[in-house]
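Structure record follows, encoded as structure tokens.
Bear in mind that the values in this text are calculations on the coordinates, not laboratory data. Model, not experiment: these values are computed from the prediction. Neighbour counts are summed over all protein chains in view; Cβ atoms, including those assigned to glycine, are modelled from backbone coordinates with ideal geometry.
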Amino acid sequence: MYSEKVMDHFEHPRNVGEIADASGTGTVGNARCGDIMKMDIKVENNIITDVKFKTFGCCAAVATSSMATEMVKGKSVEEALQLTNKAVAEALDGLPAVKIHCSLLAEEAIHAALEDYHKKHPQGE
Amino acid sequence: MAENKKIIYMDNAATTAVRKEVLDVMLPYFSEHYGNPSSIHSVGRDAKRAVEAARKQVAAALGAQPQEIYFTAGGSESDNWAIRSAAEMLEKKGKHIITSSIEHHAVLHTCEYLEKYRGYRITYLPVDEGGLVNPQDVKNAIADDTVLISIMAANNEIGTLEPIAEIGKIAKAAGVLFHTDAVQAVGAIPIDVNALNVDLLSLSAHKFHGPKGVGALYIRKGVRMNNLIFGGAQERNLRAGTENLASIVGLGKAIEIAVAELPEYTVKLTKLRDELINGILAEIPDVRLNGDHAHRLPGNVNVSVRYIEGESLLMRLDLLGVEGSSGSACTSGSLDPSHVLLAIGLPHEIAHGSLRLSLGIGNTEEDVQYVLKVLPDVVKDLRAMSPLTRPACFA
């Protein structure tokens with residue numbers, strides 16, 4: 001049902017944790033639905049230098065969180081905003097149809113963290 | 001790597017392995033004794049005898065008469081048939097059915113169909129926090145137009161054993177047909193259709209080490225049924241189609257062995273079950289047992305592990321060779337967790353973190369110890385990854 005890449009990211013999730021002095025934090029989903037993602041990003045000179053996540057959810061939720069953090073790390077804020085759920089799912093060699101909403105959550109979590117960053121840093125830094 | 005991994009199968013409520021003794025009696029019925037039981041020649045008569053011998057075995061296991069056993073393609077088919085037929089045959093008497101909120105979907109969805117398209121009124125009785133139906137509620141729900149009561153013998157998710165004997169007595173006194181979905185109960189607890197006052201009972205072979213795709217419906221003599229399938233004289237004209245010969249033979253053997261071994265099965269599994277339950281509750285904080293402890297299937301363990309999600313828990317265990325199941329939304333194919341867990345009052349977020357380990361005859365003391373060794377670390381790991389924490393969850 002899951003691709004090897006999904007299982008790899010589920011078994012060995014990258015960038016799990018929290019950033020104490022995060023530049024932005026985004027939390028999406030809710031426990032009622034069985035998925036919560038929290039993303040912390042650290043932005044320096046408009047570049048995402050660090051990103052950490054915590055996820056309550058299924059395999060696909062964990063794997064998409066993990067993949068999304070890898071995809072935005074080292075990118076500029078503008079580049080990170082271009083991240084789509086489709087790209088995350090593709091990078092994982094696809095997701096079962098019923099799990100597509102999980103990849104949507106990963107995109108939303110990154111965007112929420114970036115939005116929080118913009119709110120806290122209206123002039124960029 | 002994965003190929004050599006030892007598998008600890010603890011999903012016996014989903015299905016079980018066919019026993020060797022069962023497979024052995026089935027095999028000749030594929031290519032040696034391949035006759036059509038409806039044929040009048042010796043090859044056909046040979047097959048017919050095998051079907052009737054299996055019918056006797058099933059009847060004996062339930063305290064029924066052979067002519068009260070009808071072979072079907074499994075538990076869901078038996079449930080569908082029992083409810084639809086009772087409803088259609090008694091339509092003139094009334095259009096009210098009493099069931100519970102924790103039935104299998106084979107029962108619930110059939111009732112929903114009757115409600116939506118056939119103008120039936122369905123009473124879905126609530127259950128207590130252990131999943132028990134109160135017989136008094138059944139009694140109170142009976143009205144002049146009640147034609148059927150359908151309450152399961154044992155719940156498939158949380159293992160709760162329902163007070164079937166008491167409900168049977170109430171149904172009999174009120175003159176209302178009583179159906180029980182005994183798919184999880186047959187082979188796991190003693191069942192006697194007369195002692196229980198059951199009129200219709202569904203069972204499925206693959207839950208007690210028989211083959212998949214075959215089951216039976218017990219229909220008490222005198223209960224009028226309509227056809228499930230038209231087109232032949234099989235199963236007393238009610239379910240047409242050439243019999244699933246080898247599987248029916250397998251069902252007969254499997255139920256015979258299961259009932260004969262019930263005493264030792266009960267002792268062995270109850271011990272392993274309680275060890276596993278007590279171990280989990282002792283080793284892992286913020287875990288609750290789902291289902292009634294005293295009225296429980298011998299092999300059922302169902303716990304909710306807070307702050308983590310069931311599918312992740314299952315897959316982590318799978319990677320360690322432990323096979324279980326969950327009532328989380330992600331494993332049910334919908335956004336809602338199991339209707340059973342919600343019916344016993346669990347909040348969604350706790351229901352999402354449920355884990356069912358259903359033990360069977362293949363499980364050992366070592367299996368239980370292994371699970372108790374690996375489960376706490378898996379939980380710790382997933383909790384470290386979870387944004388939920390005690391105050392956030394229970395604020």
- Message: Please list the three semi-axes, largest first and in whole Å, of the ellipsoid equivalent to segment B:177-269, using sqrt of 5 times the eigenvalues of its alpha carbon gyration tensor.
- Response: 25, 18, 9
- Message: Can you compute the label reach from B:Ile7? Point 7 Å from Cα along the Cβ direction, backbone N cut-off under 20 Å, restricted to segment B:313-327.
- Response: B:313-326
- Cα-Cα separations in segment B:215-299 greater than 22 Å, expressed as whole percent: 56 percent
- Candidates B:Val267, B:Val51, B:Val301: whichever shows maximal mean-square fluctuation once chain B is modelled as a Gaussian network with Cα springs under 10 Å: B:Val267
- Can you count the Lys pairs in chain A whose Cα atoms are under 13 Å apart, with each pair 8 or more apart or on different chains? 8
- Query: To the nearest 0.05, how large is the calculated FRET efficiency for B:Asn140 and B:Ala165 if R₀ is 25 Å and r is the Cβ-Cβ distance?
  - Reply: 0.85
- Any idea what diffusion coefficient segment B:242-346 gets from Stokes-Einstein, in µm²/s, Kirkwood Rh on alpha carbon pairs, 25 °C, 0.890 mPa s? 150 µm²/s
- Task: Could you work out the Rg to Rh ratio of segment B:95-214, with Rh taken as the Kirkwood radius (inverse of the mean 1/r over all Cα pairs)?
- Result: 0.95
- Over segment A:4-119, calculate the relative contact order: mean separation of alpha carbon pairs under 8 Å at least 6 apart, over the residue count, as a percent. 32 percent
- Report the far tail of the P(r) of the protein assembly as shown, meaning the percent of Cα-Cα pairs longer than 29 Å. 58 percent
- For chain B, modelled as a GNM with alpha-carbon contacts under 10 angstrom, which of B:Ala141, B:Ala188, B:Ala173 fluctuates the most? B:Ala173
- Kirkwood radius from Cα pairs of chain B plugged into Stokes-Einstein at 37 °C, 0.692 mPa s, gives D in µm²/s equal to 149 µm²/s
- Query: With each pseudo-label sitting 7 Å past Cα toward Cβ, what's the A:Glu79-B:Glu366 distance in nm, one decimal?
  - Reply: 5.3 nm
- Under 5 Å, built H, 5+ apart or other chain: amide partners of B:His209: B:Thr16
- Query: In whole Hz, what ³J(HN,Hα) sequence does segment B:129-136 give by Karplus (6.51, -1.76, 1.60; θ = phi - 60°), x for Gly and Pro?
  - Reply: 5, x, x, 8, 7, 8, x, 4
- Cleavage-rule hits (trypsin sites (Lys or Arg not before Pro)) in segment B:207-258: DSSP loop, at most 15 neighbouring Cβ within 10 angstrom: B:Lys221, B:Arg224, B:Arg236
- Message: Among B:Asp144, B:Asp199, B:Asp11, which one shows the highest mean-square fluctuation when chain B is modelled as a Gaussian network with alpha-carbon springs under 10 Å?
- Response: B:Asp144
- In degrees from 0 to 90, rounded to the nearest 10, what is the angle of the helix B:262-283 Cα long axis to the longest principal axis of chain B? 20 degrees
- How large is ³J(HN,Hα) for each residue in segment A:25-32, as worked out from phi by the Karplus curve 6.51 cos²θ - 1.76 cosθ + 1.60 (θ = phi - 60°), to whole Hz, x for Gly and Pro? 9, x, 10, 10, x, 8, 5, 4
- Send over the semi-axes of segment A:4-119's equivalent ellipsoid, whole angstrom and largest first, taken as the square roots of 5 times the C-alpha gyration tensor eigenvalues. 21, 14, 13
- Long-range Cα-Cα pairs in segment B:1-150 (distance over 19 Å), rounded percent: 70 percent
- In degrees from 0 to 90, rounded to the nearest 10, what is the angle of the helix B:42-62 Cα long axis to the longest principal axis of chain B? 50 degrees
- Message: Can you compute the equivalent ellipsoid semi-axes for segment B:94-148, i.e. the square root of 5 times each eigenvalue of the Cα gyration tensor, sorted largest first and rounded to whole Å?
- Response: 19, 15, 6
